[in-house]
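This report concerns only the one structure given below.
The values are calculated or read from the model by the stated rules, or taken from the named source; none is laboratory data. Nothing here was measured: the structure is a model prediction, and the numbers come from that model. Virtual Cβ from ideal backbone geometry, glycine too; neighbours counted across all protein chains shown.
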Amino acid sequence: MTRRPFPSGDEDPRTRRAFRMPPEARGLEDEVDEELRFHLARKAERLMREGMSEQEARAEALRRFGDVDLVKERMTREGAMEMKRLAWWDRLRQDVRYALRQMVRNPGFTVVTVLTVALGIGATTSIFSVVDGILFRPLPFPNPGQLTVVWADMTRRGGPVDEWTNFADYYDLKERAHSFQAMGAWGGDPLTLTGHGDPQDITVGLVTRGTLSDVLRVTPSLGRGFSAEEDVPGAPGVVLLTDGFWRRALGGDPSVVGESLTLNDAPYTIIGVLPADFDPPFMTNADVWSPMRVSAADNFCGRGNACLHVIARLSDGVTLDAARVEATDIARQLEREHPQANANVGFTLRSFRDDMVADARTALLVLLGAVVFVLLIACVNVANLLLARASSRGTELGVRAALGAGRRRLTGQLLTESALLALVGGGLGMALARIGTAFLVRIAPAGTPRIEGVHVDGRVLGFAIGIIAVSGLLFGLGPSLRSARRDLTSALREGGRGSAGGVRGMRARNVLVSGQVALAMVLLVGSGLLVRSFQNLRARDLGFQPGGVVTLQLGMPQSRYPDANTRRAFLHDVEARLGAIPGVDAVGGTSWLPLTGFGSDATFNIQGRPLPPPGQNHAVWFRRVTPGYRAAMGIRLQAGRWLTVGDDETAPPVVVINEGMARRYFPDESPLGKRINLGGPDRPTWREIVGVVAEARYFGVRGDSRDALYLPYDQAPSPTVFLVLRSTRDPAALAGEIRGTVAEIDPSMAVAEIRSMESIVADALGPDRFVTLLIGLFAAVALALAVVGLYGVVSYGVGQRLSEMGVRMALGAEGADIRRLVLRQSSTLVLFGLALGVAGATAVTRMMKNLLFGVNATDPWTFGVVALLLAVVALVASAVPALRASRVDPIRVLRTE
Amino acid sequence: MGDDNLGLLRGTLDLLILKALATGEKHGYAVSEWIEAATDGSLLVEEGTLYPALHRLARKRLIGATWGVSENNRRAKYYTLTAAGQKQLEEETTTWRRYSDAVEKALAEGGAG
């Protein structure tokens, strides 16, 4: 048989239509010819009627017509082009209709493929969009590569590598360093805004001169920036409004520039408005910005303190490394000049971008790895599904080839099918990506840097669609064509079995399935490890009892609470009245709350012991607390006594230390009765240690314990204080009564951040919860895809071997034997995949070490459970086709042979 | 037909063909005769452009084409106006009228001045 379409030549048009054949091009030329000849003849007839001879008339008709051959050629050419186009459209329509029919005829295959494509595209695109938005998106400032963050390096003192610095060190570095064209510092304060409705707390970003204009290079969209004279102590207050605050609180009225705002009872002149796209990477919640008005000579936050964030812009052509060398040099000079405060203190310089995502980096990179894995699994699944289909269609394609379909035609047909699947899957995937990204942005933990700007990335979406489509084509199209090319007789002889692609196709599918199981294993192990460490984190002893605790912040303005007496009096009053609210069991005040990551620290020396050598000062975190604090927060007393109302400003100075401090400095003796001095050794105030309490976690749930002590508030009153209430009532219901009670004492006092301690704990665990949830979702997707892949391959294999099963049963095999046969084959695949997965997971989970808590990266328990889970799921996936195989009716199978 | 015949403005041939067919099914020759008669012989239809135009309109589905038998028993290709062609004819007629009115107005203005 030749490969020529058998209905060819001069068929009846109906035959042409029936076989969807284009009219022959040869006929077209004849038609044009005939049409023109008719015209010329009629024209000649008319001319003859007007009196010309026949010969003259013919010649005249031709003359008048013009160049007949040229017209004819043009019409034929244009007609042929049109025909080609029509035929192409016709074929495409036909292919699409055929492909749709195929999709409908195999709903299982279609749904699984489309879902695989959609899940793969949706999941990977949304995760990648988030990671890209946080890690790789350029910062919204000119020359962002020059932005550098400066920290105090306390590692040689056993402190953090990125501690805040202080004004003295900041000014020294700024003055001496040549690596920077600009340097600025920022901090922040909630201040109470009055005169615009109810008193409200607004966040004021405080900056030194040049931080906005020279370091970040932001120009106000309205008004002007800060001047040098406005950033000195005692200068009248000025503020720049953020665009958001300007619109929200002041109605976006341009005439407010020059007007005044009252913050904490002090006037601030509005000098300008910042542009709407100003997106500061620090103090993102700032409502207004104001100069810090502090000088190097000020004692506030002087040498040895930690209170200031420093950001700088490198000079043109200066590298970060060069700047580091210079900063290290300056730090050494400062060590020599100020041996007390600066010994063993260095500078840490980081690029702004690195600094911003420092904590999230590992988690984001692990997520990115998971993205790659899921994408791989999705690709494998699509490839696998198409491969299985290609094999089962060998006969169909062979027959079509036999009926005259050329290779290009078959390729076009298969391409159309793949394209349709990709189109539907891709469309669904795009929708999933949008939903997924929005979902991730919403559940991202508070304070995730730059999360607001995250959106679906078109390039990533295209990439995901592309890679899945290409892998589908590679694995689906190739084998199909191979099987269609094989000689027809064997394709037809194999008949209904249609095992085209044969051994090679089966082997390829087996390898793919094993690989898939392995990939899923790696993701599941990663997810399992994260779940375990999250459980460990949640179960961790925090050193206090967050249940039933409500906290709030009070800021006493300097103007109305200028000294210790007024602050003490106010706080006593507030504590007493809040304690009288029904259902409130305990009330206490503190300068810092646990788990918020903030605190004050100081150096100290112990009475009767030699002063520590310079640079090896004893450092300790300290909190000022009222007597009620321990009961309200639920901190365990280990030895001695807690602070009492008697420990006031007239009583002898006392202090309660935590367990860690007791262990470090008094390992072999009781610390009770020992006396320590906080601050400089020149004019010591000796405080007696009266008690030891358990370590409460102030610096993150997973953080190590830190030495800390508690001072009586009355002996060292601070202007800002957090109140802690333990009650049996709902925190939300309590909030109103708290506000009312405070307002009774001082109506213009702003009550900020009424929160339950439990929500503070939840926030502290937010990043861990986020990563665990995401990897968990990925692992679930991977598991689902792997199961689908396995099911597909096993059930396909069973379908291929139905007749063999039939023969076996006819020869006396029991259903159980058949089931065993099928299961044995799939367990080989699964076991192979699991082995591969264990090896892969061992190699990969090591990268996650930073994310884990209390669980080893190669935790055998997790590996075991995951392997078992996968094995069971795989067993179920292959049990269904195995059961079907064992119910084969041998008679029927053999008859169809 | 002398040399004072007007050539056709670009685009008007299509309009005239559609109009010719609006009066009934015609073969190409009849279309050319109709145009000649309807314009009192003042418009010259170049036959070399008529047929390509007919085929172009057929490809755009504005007119349909079938082979039939002519009045003197010869095989001829007949063209008919399709629904789309009818619509096109109406639109183009309106456009043409507005166009020629505008030009006419402008010319009249110039003549008066």
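Go through the residues of the range A:502-519 one by one and say whether even a single one is assigned to a helix (DSSP H, G or I), within 22 Å of the chain's Cα centre (by Cα) and either under 22 Å from A:Leu869 (Cα atoms) or at pLDDT 65 or above (or both). Yes: the range A:502-519 contains one or more residues that are assigned to a helix (DSSP H, G or I), within 22 Å of the chain's Cα centre (by Cα) and either under 22 Å from A:Leu869 (Cα atoms) or at pLDDT 65 or above (or both). When the range B:48-92 is filtered for residues that are part of a helix (DSSP H, G or I) and either closer than 20 Å to A:Arg77 by Cα or more than 17 Å from the chain's Cα centre (by Cα) (or both), the ones remaining, listed by number, are B:Gly48, B:Thr49, B:Leu50, B:Tyr51, B:Pro52, B:Ala53, B:Leu54, B:His55, B:Arg56, B:Leu57, B:Ala58, B:Arg59.
Of B:Glu25, B:Glu90, B:Glu109, B:Glu47, which residue is away from chain A (no Cβ under 14 Å), in contact with a Ser or Thr (Cβ under 7 Å, 6 or more places away or on another chain) and either at pLDDT below 90 or surrounded by 11 or more Cβ atoms within 10 Å (Cβ to Cβ) (or both)?
Only one candidate passes the filter, namely B:Glu25.
On the basis of being assigned to a helix (DSSP H, G or I), at the interface with chain B (Cβ under 8 Å from one of its Cβ atoms) and surrounded by fewer than 16 Cβ atoms within 10 Å (Cβ to Cβ), does A:Arg42 make the cut? No: the conditions fail for A:Arg42.
Those strands (runs of 3 or more DSSP E) of the range A:280-352 in which at least 1 residues are closer than 30 Å to A:His618 by Cα, in contact with a helix residue (DSSP H, G or I) (Cβ under 6 Å, 6 or more places away or on another chain) and small (Gly, Ala, Ser), considering only elements entirely within it, cover A:346-351. Quick one: is A:Gly526 under 30 Å from A:Leu790 (Cα atoms), outside any loop (DSSP other than H, G, I, E, B) and touching a Phe, Trp or Tyr at 6+ places or on another chain (Cβ under 9 Å)? Yes; evaluated as a whole, the condition is true for this residue. None of A:Leu552, A:Leu593, A:Leu530, A:Leu542 is under 30 Å from A:Val781 (Cβ atoms) and of a type outside the set (Asp, Glu) except A:Leu530.
Okay, residues lined up against (1) among the charged types (D, E, K, R); (2) touching a strand residue (DSSP E or B) at 6+ places or on another chain (Cβ under 6 Å); (3) closer than 26 Å to A:Ala41 by Cβ:
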position	(1), (2), (3)
B:Thr12	no, no, no
B:Lys19	yes, no, yes
B:Ser32	no, no, yes
B:Glu36	yes, no, yes
B:Pro52	no, no, yes
B:Leu57	no, yes, yes
B:Ile63	no, yes, yes
B:Tyr79	no, yes, yes
B:Ala84	no, no, no
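The single condition from (1) at pLDDT 85 or above; (2) more than 9 Å from chain B (Cβ to nearest Cβ); (3) part of a helix (DSSP H, G or I) that A:Val32 fails is (2). Taking into account only those residues within the range A:47-70 that are surrounded by 15 or more Cβ atoms within 10 Å (Cβ to Cβ) and not aliphatic (A, V, I, L, M), which is farthest from the other protein chains (Cβ to nearest Cβ)? Per the criteria, the residue is A:Arg58.
Counting only residues that are among the small types (Gly, Ala, Ser) and either surrounded by 17 or more Cβ atoms within 10 Å (Cβ to Cβ) or touching a strand residue (DSSP E or B) at 6+ places or on another chain (Cβ under 8 Å) (or both), the range A:216-262 holds 8 of them. Of the residues that make up the range B:70-82, is at least one small (Gly, Ala, Ser) and either surrounded by 14 or more Cβ atoms within 10 Å (Cβ to Cβ) or modelled with pLDDT of 90 or more (or both)? Within the range B:70-82, one or more residues are small (Gly, Ala, Ser) and either surrounded by 14 or more Cβ atoms within 10 Å (Cβ to Cβ) or modelled with pLDDT of 90 or more (or both).
Each residue in the range B:67-78 was checked for being facing chain A (nearest Cβ under 10 Å) and closer than 10 Å to B:Lys26 by Cα, and 3 of them qualify.
A single member of B:Leu13, B:Leu43 is of a type in the set (A, V, I, L, M) and within 17 Å of A:Arg64 (Cα to Cα), and it is B:Leu43.
For the range A:506-558, what are the residues that are among the small types (Gly, Ala, Ser), out of contact with any strand residue (DSSP E or B) (no Cβ under 7 Å at 6 or more places or on another chain) and in contact (Cβ under 8 Å) with a residue 24 or more places away in the chain?
Scanning the range A:506-558 gives A:Ala508, A:Ser514, A:Gly515, A:Ala518, A:Ala520, A:Gly526, A:Ser527, A:Gly528, A:Ser533, A:Gly543, A:Gly547.
Scanning the range A:574-600 for residues that are under 36 Å from the mean Cα position of the chain (by Cα) and crowded, with 18+ Cβ neighbours inside 10 Å yields A:Thr590, A:Ser591, A:Trp592, A:Leu593, A:Pro594, A:Leu595. Annotation: of all residues in the range A:105-159 being out of contact with any strand residue (DSSP E or B) (no Cβ under 9 Å at 6 or more places or on another chain) and among the charged types (D, E, K, R), the one that is surrounded by the fewest Cβ atoms within 10 Å (Cβ to Cβ) is A:Arg105.
So, in the range A:263-278, of the ones that are crowded, with 18+ Cβ neighbours inside 10 Å and at pLDDT below 85, which residue ends up farthest from A:Ser748 (Cα to Cα)? Only one residue fits best here, namely A:Phe278. Quick check: is even one residue across the range A:838-848 buried (at least 23 other Cβ atoms within 10 Å of the Cβ), assigned by TED's automatic domain parsing to the domain that holds A:Ile468 and assigned to a helix (DSSP H, G or I)? Yes, that holds for at least one residue. Taken across the range A:598-614, residues that are closer than 21 Å to A:Phe722 by Cβ, touching a residue at least 12 places away in the same chain (Cβ under 8 Å) and β-branched (Val, Ile, Thr) do not occur at all. Reported count of residues in the range A:738-787, each being assigned to a strand (DSSP E or B), of a type in the set (A, V, I, L, M, F, W, C) and surrounded by fewer than 20 Cβ atoms within 10 Å (Cβ to Cβ), is 2.
Note on the range A:167-187: residues that are in contact with a Lys or Arg (Cβ under 8 Å, 6 or more places away or on another chain) and either closer than 21 Å to A:Ser705 by Cα or surrounded by 22 or more Cβ atoms within 10 Å (Cβ to Cβ) (or both) amount to 5. Of all the listed residues (A:Ala118, A:Ala177), the sole one being over 27 Å from the mean Cα position of the chain (by Cα) and not assigned by TED's automatic domain parsing to the domain that holds A:Val382 is A:Ala177. Of the residues making up the range B:50-66, just one is more than 8 Å from chain A (Cβ to nearest Cβ), under 12 Å from A:Glu31 (Cβ atoms) and either touching an Asp or Glu at 6+ places or on another chain (Cβ under 8 Å) or surrounded by fewer than 16 Cβ atoms within 10 Å (Cβ to Cβ) (or both), namely B:Thr66.
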